[in-house]
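> Would you mind keeping the following structure in view while I ask a few things?
Readers should treat all values here as calculations from the given coordinates under stated rules, not as data from a laboratory. Keep in mind that this is a model prediction, so the values were computed, not measured. So basically every Cβ, Gly included, is an ideal-geometry build from the backbone, and we count neighbours across all protein chains shown.
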Amino acid sequence: MKSPNTLLANTGTTIFTVMSALATENGAINLGQGFPDTEGPGDVVRAAADALLDNRNQYPPLTGVLELRAAVAAANQRFYGIELNPATEVCVTSGATEAITACLMALLNPGDEVVLIEPLYDTYLPVVRLLGAIPKLVRLEPPKWELPRDELAAAFGPKTKAILLNSPMNPTGKVFTAAELAFIADLVQRHDTYAVCDEVYEHLTFDGWKHIPLMTLPGMRERCLRISSAGKTFSLTGWKIGYVSGPASLVPIVAKAHQNLTFTTAPNLQRAVAVGLGKDDAYFAALSSELAARRDRLSAGLAELGFGVLSSQGSYFVTADFSPLGFGLDDVAFCRMITEKAKVTAIPVSAFYEGDAPRHYARFAFCKKFEVLDEALNRLGDFLRQERLTQPARSA
Ligand code: PMP
Ligand code: GLN
């Protein structure tokens, strides 16, 4: 028999699914896959439930229900001063995952080059390759994850069609600075390219760090496709409502991709997300301050246990260097060990790289109840003490 698609046949199951299954199998606290363990806002959930019962459950419009497209446009104006026409400049998708694929489909022809920044989210590379485009990888280095400007500039060339930028960034928790964004904007403009901006964590920033959409920089309005997700903004990751904002020259092409991927998305959830985007500023402020407190709790606890905890300015995640603990394991083996023995799950950061990668970092999700974070820290502490008793040489 002829073989099916080689790229997909050779793509492994996503690390988030693998580690969540391992967590379940071992009865571990799952600080791996990034999802909150509390429900999103009651009024938004109620709006979704009510919307199921009012006889509007047939196919909604291809680019999304008008209420949601108008709400996305209004949110862009309110948070960033971006003016959008909801008729032509917003497209609703089934999650940011679909939006990323649809935006790449809209921009890329086979042979085009795409600049990507490692560590990177796991759908980016397979999709770029499925489209026959060529990834050009630029790497951020821990612990500071600063943009290596010379390498980035060198990655752009005559065949570059786009850069895919994720800020706030998974798994590093990095929020790109205004200066870094200005540098990227200059490259995008000089090389006459586009930017696909994965901004799903736009409202999850801490310590006064403010998310700046690349699209707000001079010359970027016509070149950026800005993606966000209701899953993160309303702590409802299972809903899978994403939205793309961009120029009228590009969004209708994204909609063509969307029409061939899913065509449309559950109408009641769309209408509920429209309600959510209209919530007052206090909601958005509390979302980030409550998460920041959880980040602080988990980061302090991990540091006390001996991890080298990196700073996280945004997202659901903190990365931690476990090499000071002295196990001498790589990150995949370490994350498996703590899942099986300490009953706490994390994600190996090497999963966000292609090829050679740092192998001594684990990513922990802190979007959990305080008591869950405390219990995870207790379990890790008990495990580490036990290990030191049985392997005294390690603590030396
Ligand atoms: N991009 C990044 C950087 C993510 O971390 C995630 C995961 N939540 C997504 C996209 C996908 O978002 P969604 O669940 O809306 O598809
Ligand atoms: N974005 C989530 C994370 O990074 C996972 C989403 C998924 O499981 N596909 O943990």
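> For segment 92-102, what does the Karplus curve 6.51 cos²θ - 1.76 cosθ + 1.60, with θ = phi - 60°, yield as ³J(HN,Hα) per residue in whole Hz, taken in order and with x for Gly and Pro?
Result, ordered by residue: 8, 10, 7, x, 5, 4, 5, 4, 4, 4, 5 Hz.
> Have a look at the DSSP beta bridges in the chain and tell me what percent are antiparallel, nearest 5.
50
> Considering amide H positions built from the backbone, and no H for Pro or chain starts, which residues 5 or more places from LYS159, or on another chain, come under 5 Å of its amide H?
Counting only residues 5 or more places away or on other chains, the set is empty.
> May I pose another question? So which of LYS144/LYS279; LYS2/LYS343; LYS210/LYS368; LYS136/LYS369; LYS161/LYS240; LYS144/LYS343 end up more than 32 Å apart by C-alpha?
LYS144/LYS279; LYS2/LYS343; LYS136/LYS369
> Still on this structure, I have one more. What list of ³J(HN,Hα) values in whole Hz, one per residue of segment 356-365 in order, does the Karplus curve 6.51 cos²θ - 1.76 cosθ + 1.60 (θ = phi - 60°) give from phi, with Gly and Pro shown as x?
Residue by residue, segment 356-365 yields 4, 9, x, 10, 10, 10, 10, 9, 10, 8 Hz.
> Step through the residues of segment 30-35 one at a time and calculate ³J(HN,Hα) from phi using the Karplus curve (6.51 cos²θ - 1.76 cosθ + 1.60, θ = phi - 60°), rounding each to whole Hz and writing x for Gly and Pro.
So the J values, rounded to whole Hz, are 8, 9, x, 4, x, 8.
> Right, another one. If the chain between ALA248 and ARG129 were fully stretched, how many nm would it gain, using 0.36 nm times the residue separation less the Cα-Cα distance?
Fully extending the segment from ALA248 to ARG129 adds 40.2 nm.
> Let me ask something else about it. Which residues' amide hydrogens lie under 5 Å from the amide hydrogen of ASN166, considering only partners 5 or more residues apart or on another chain, with H built in the peptide plane?
Amide H neighbours of ASN166: ASP198.
> If amide H atoms are built 1.01 Å from N in the plane of the peptide, which residues on other chains or at least 5 residues away come under 5 Å of the amide H of VAL344?
When sequence neighbours closer than 5 places are left aside, the close amide H contacts are ILE29, THR339.
> As a test of the formula, what do you get for the chain when each DSSP H run with n ≥ 4 contributes -39,500 (n - 2.57) and the sum is divided by the residue count, at 222 nm and rounded to the nearest 500 deg cm²/dmol?
Computed mean residue ellipticity for the chain: -12500 deg cm²/dmol.
> Under unit Cβ charges (Lys, Arg +1; Asp, Glu -1), what dipole magnitude, rounded to 20 debye, does the chain have relative to its Cα centre?
Roughly 420 debye for the chain.
> Would you please classify the overall shape of segment 177-242 from the alpha carbon gyration tensor, given that a ≥ b ≥ c denote the square roots of the eigenvalues, rounded means a/c under 1.5, and beyond that prolate means a/b larger than b/c while oblate covers the rest?
Here segment 177-242 falls in the oblate category.
> Express the Stokes-Einstein translational diffusion coefficient of segment 24-82 in µm² s⁻¹, to the nearest whole number, given a Kirkwood radius over alpha-carbon pairs, 20 °C and a viscosity of 1.002 mPa s.
Using the Kirkwood radius from Cα pairs, D works out to 141 µm²/s.
> Say we join alpha carbon atoms closer than 10 Å with springs in a Gaussian network model of the chain; which of LYS343, LYS144, LYS210 then has the biggest fluctuation?
In the Gaussian network model the winner is LYS144.
> Something else: Can you give me the relative contact order of the chain as a percent, contacts being Cα pairs under 8 Å and 6 or more apart?
Once divided by the residue count of the chain, the mean separation gives 24 percent.
> Assuming a ≥ b ≥ c are the square roots of the Cα gyration tensor eigenvalues, decide whether the chain counts as rounded (a/c under 1.5), prolate (otherwise, with a/b larger than b/c) or oblate.
Prolate.
> Could you order peptides 381-390, 186-195 by the average number of other Cβ atoms within 10 Å of their residues, highest first? Intermediate results must be reported in sequence, preceding the final value.
Details: 381-390: 13.8, 186-195: 17.9.
The peptides rank, most packed first, as 186-195, 381-390.
> Still on this structure, please answer the following. Put +1 on the Cβ of every Lys and Arg and -1 on every Asp and Glu Cβ in the chain; which of TYR59, GLY306, GLY355 then has its Cα farthest towards the positive end of the dipole?
With unit charges placed on the Cβ atoms, the residue in question is TYR59.
> Order 98-110, 275-287 from most to least packed using the mean count of other Cβ atoms within 10 Å.
Sorting 98-110, 275-287 by mean packing, highest first, produces 98-110, 275-287.
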